[in-house]
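Accompanying notes for the structure given below.
A short reminder: the numbers here are calculations on the coordinates, not readings from a lab. This structure is a prediction, so every number in the text was calculated from the model and none was measured. Neighbour counts are summed over all protein chains in view; Cβ atoms, including those assigned to glycine, are modelled from backbone coordinates with ideal geometry.
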Amino acid sequence: MYPEIMVIPMREELTRAGIQEARTAEEVDAALAQPGTTMVVVNSICGCAAGKMRPGVRMALGHSTLPDRSISVFAGQDREATEKARSYFEGHPPTSPAIAILRDGKLVYLMQRYVIESATAPQIAGELARAFDELCTKTTA
């Protein structure tokens, strides 16, 4: 674990964008128990999180269609929360950074590190916007 003072700016980059931080397993469960769509951002101290993932997520949050809520967990810092979030990503190896979308607590989309590493921030934002349009659009009766 890094000293907390070092990761504050990395946490704040997402919380300033409106993403709620989940620092305990209980906070993750509470967010994912709510109906609708939740984006889960697995934050990281690595360079691809700083230069690609966090900027891409922030850009995507300007899109017209968004998940009902967005939370983040910080890999390597908030281990319990991160392990709990990853437990919802059944069948996928743990990677960080990562971006998931869950609907009613079930995984419907996962962008893992290998995708993030090979993309630019605008490409990540575009892919998330596409996923938001496909997975987060409200249906009317």
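If only the Cβ of Lys and Arg carry +1 and only the Cβ of Asp and Glu carry -1, the dipole of the chain around its Cα centre is close to 280 debye.
Size estimate for the chain follows the Kirkwood approach: the inverse of mean 1/r over distinct Cα pairs works out to 14.8 Å.
Only helices enter the 222 nm calculation for the chain: every DSSP H run of n ≥ 4 contributes -39,500 (n - 2.57), and dividing by all residues gives -11500 deg cm²/dmol, rounded to 500.
With each label modelled as a point 7 angstrom along the Cα→C-beta vector, the residue 80-residue 135 pair spans 2.7 nm.
Using the average count of surrounding beta-carbon atoms within 10 Å as a protection proxy, the listed peptides 115-124, 40-49, 87-96 rank, highest first, as 40-49, 115-124, 87-96. Which of 99, 121, 33 sits closest to the plus end of the dipole of the chain, meaning its Cα is farthest towards the positive end, when Lys and Arg get +1 and Asp and Glu get -1 on the C-beta? Farthest towards the positive pole: 121.
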